[in-house]
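Here's the structure we're looking at; comments come further down.
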Amino acid sequence: RAAAVRRRPWRVVGAVVAAVALLVGVGWIVWASPLLAVTDVSVVGVDGVDRDAVLAAAAAQTDVPLARVDTGAMAGRIAAVPVVREVEVTRAWPHTLAITVTPRVALLAVVESDGSMRLVDDQAVAFRTVTSAPAGIAVVNRTGTAPADDGLRAVIGVLRLLPDGQRAAVTDITVSSASLVRFKLGAIDVVWGGLGQEAKKLTVLQVLLKTTPAPTVIDVSAPDTPVTR
């Protein structure tokens, strides 16, 4: 019994040493060994040149232990790619970095003063330059020094509010300033104005569209005192 008592501390020491060795071994496998290194990077949500841009921004290194990859920093780099609206980077053990992208979707095609055309999403963010507007995308002409943020947000507000049938009939959208948006609704020239009072403007517009004879111009930029002619 005395001998067993004398051996007990050594057993405890041995168990501690074994546990430490196990932790060190697991830590080495996870953080330093090639056994759990990155060998593949998957991208979901975009393809073609957009996928290439995401991979370039990710700058993921293969053969680096997966646990040591800074997924937050990688997501930050990818978020700077214009087409990326949202991104999530996760580890898919044992060897894969999984990148899930929510891309921006074009709502408008904006013709700039230099003749270039940029696609803009519903956050008024321009993310791609194109030579022609895709089918079904409203084209906006900007004149002067119309601010992109306020002027385009006013246009976006219009398109969100209009019923589907009327939205499809919208053409010749022009943004002259932050407070002067106008467009054609069928054959009628509509002066919308800028941001603010959208619901009231829409209500007034719908009433005036039903007047007889049909007006050629409806100005709801000041909805309390609309003008027709």
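The values are calculated or read from the model by the stated rules, or taken from the named source; none is laboratory data. Since the model is a prediction, treat every value here as computed from it, not as a measurement. All Cβ positions, even for glycine, are placed from backbone atoms using ideal geometry, and neighbour counts span all protein chains on display. Areas reflect the complete protein model, heavy atoms only, side chains present, ligands, DNA and RNA absent. Shrake-Rupley method; radii C 1.70, N 1.55, O 1.52, S 1.80 Å.
The table for this structure:
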{"quantity": "Local electrostatic count, residue 184, Cβ distance below 13 Å [Lys/Arg +1, Asp/Glu -1]", "calculated": "0"}
{"quantity": "Accessible area of the range 170-229 belonging to carbon and sulfur atoms, whole % at 1.4 Å probe", "calculated": "60 percent"}
{"quantity": "The range 126-197 - Rg over Rh from alpha carbon coordinates, Kirkwood radius", "calculated": "0.94"}
{"quantity": "Value of relative contact order over the range 28-147, rounded to a whole percent, pairs C-alpha under 8 Å and six or more apart", "calculated": "22 percent"}
{"quantity": "The range 29-182 - Rg (one decimal) and Dmax (whole number), Cα, Å", "calculated": "20.2, 64"}
{"quantity": "Equivalent-ellipsoid semi-axes of the range 54-141, from the Cα gyration tensor, Å, largest first", "calculated": "34, 11, 10"}
{"quantity": "Reciprocal of mean inverse Cα separation for the range 156-228 (Kirkwood radius, Å)", "calculated": "12.1 Å"}
{"quantity": "Probe 1.4 Å, protein heavy atoms only - accessible area per residue of the range 149-224 in square angstrom", "calculated": "47 Å²"}
